[in-house]
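Engineer: Have a look at the structure that comes next, please.
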Amino acid sequence: FRTMLAGRSPVAHSFTSLKSHIIFSTAGRRRLIREELQPELWAYMVGVARNYDFLLMKVGGVEDHCHLLIETQPSLAVAKAVQVIKANSSRWRKRHVAGFEWQRKYAGFSVSQSMTAKTIAYIANQKEHHRRRTFDEELKELLRLNGVTIGAEGFPD
């Protein structure tokens, strides 16, 4: 984790760059993230990450799913980072939208330093991107590009 947060110093001789592109949708792919409310939700997610001592470098999405680029410390599993973002943002969102919840699963891909700017641009451009491609098409392509085989059950709603 190249950036020291909350005044902590890195463990001697441990240098990491652990970035992940995370994607998850609303439960049932319900269109519950209205465009005018997205900035507030994204900002809330950034605050959750900060409170849990990891970096949410970019967040974006559309009405039924979101993309995150996170950078974690070696001591924090990606699954835990995703869990705290989803749990806290879902709890907060339910105050504004009855029945709001995220799907249980997520997709996650490692991101090299050389692909960081491209990933940030990709996340920032979700609205335009989804004028041409559905979430299912996008996810299948990202899985293919990252060498992830989808099982017979597919990616659940």
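The values are calculated or read from the model by the stated rules, or taken from the named source; none is laboratory data. Remember, predicted model here, so these are calculated numbers, not experimental data. Glycine also receives a Cβ, built like all others from the backbone with ideal geometry; neighbour counts cover every protein chain displayed. We work out accessible area using only protein heavy atoms, side chains counted, and drop any ligands, DNA or RNA first. Shrake-Rupley method; radii C 1.70, N 1.55, O 1.52, S 1.80 Å.
Engineer: At 0.36 nm per residue, and after removing the present C-alpha to C-alpha distance, how many nm does the segment from Lys94 to Lys127 gain when stretched out fully?
Structural biologist: Length gained between Lys94 and Lys127: 9.5 nm.
Engineer: Between Glu137 and Arg30, what length in nm is gained on full extension when 0.36 nm per residue of separation is reduced by their alpha carbon distance?
Structural biologist: Taking Glu137 through Arg30 to full extension adds about 36.8 nm, to one decimal.
Engineer: Solvent-accessible area per residue for the chain at a 1.4 Å probe radius, Å²?
Structural biologist: Normalised by residue count, the accessible surface of the chain is 57 Å².
Engineer: Further, regarding this structure: Using a 1.4 Å probe on the protein chains only, how many percent of the accessible area of the chain belongs to carbon and sulfur?
Structural biologist: With neighbouring chains kept in place, the figure for the chain is 52 percent.
Engineer: Moving on. What does the charge dipole of the chain about its Cα centre add up to, to the nearest 20 debye, if the Cβ of each Lys and Arg holds +1 and the Cβ of each Asp and Glu holds -1?
Structural biologist: 220
Engineer: Then there is this: Take each of the peptides 86-98, 19-31, average the number of other beta-carbon atoms within 10 Å over its residues, and list them starting from the highest.
Structural biologist: 19-31, 86-98
Engineer: His67: net charge of surrounding residues, Cβ under 10 Å, Lys/Arg +1, Asp/Glu -1, itself excluded?
Structural biologist: Residues close to His67 contribute a combined charge of 0.
Engineer: Give me the mean projected area, in nm² to one decimal, of the convex hull enclosing the Cα positions of the chain.
Structural biologist: So the mean shadow area of the Cα hull is 9.8 nm².
Engineer: Quote the convex hull volume per residue of the range 62-145, based on C-alpha atoms, as a whole number of Å³.
Structural biologist: Enclosed volume per residue, from the Cα hull, is 119 Å³.
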